[in-house]
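Please treat every number below as a calculation from the coordinates, not as lab data. Only a predicted model underlies this, so the values are computations on that prediction, with no experimental measurement involved. When we count neighbours, we look across all protein chains shown, and the Cβ atoms used for this are built from the backbone with ideal geometry, even at glycine.
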Amino acid sequence: MHSDEILDDVHIRILRVTEDLRAIQQALNCAAMQAPSDPELMEALCQLPELESLKVLKAALDQMRHFLWFYMQVMTNGSEDGDRMRETIRQTAESVTVSPRIAAAEKFRQAADAALLQMLADGKIRKPN
């Protein structure tokens, strides 16, 4: 797959996920507005499966938010630190021989760890969000 195809695929997925998140938010908002006057709906919303799925969604969104912060730092940072982080990502990608999804997750996790350690070593107190 060429880089243009990859970027097109990512762009389409971002649009699709964004639309899905808006639809989820709208549905949850409607349910929250109706729940006080509908005891059955209130009970359904407070059941364990519903709460668990919301916790899973929240965790995934939190993880994505942190990743996007890191990604933007790496891609928009032209400094030596940014170059080191990109090199770490490249080296990790070359050394990993697993599925592309696992490889991508692992290289960004390692690069995120390196960035965090670098930030702590620099004594900079910046909140990543």
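Key figures
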| item | result |
| --- | --- |
| Contour minus Cα-Cα distance for residue 8 and residue 23 (0.36 nm per residue) | 3.1 nm |
| Per-pair calculated FRET efficiency, R0 = 35 Å: residue 51 and residue 75 via Cβ, rounded to 0.05 | 0.45 |
| Inter-label distance, nm, simple model (7 Å from Cα along the C-beta direction), residue 33/residue 87 | 5.5 nm |
| Förster radius 35 Å - calculated FRET efficiency between residue 42 and residue 66 (Cβ-Cβ, nearest 0.05) | 0.60 |
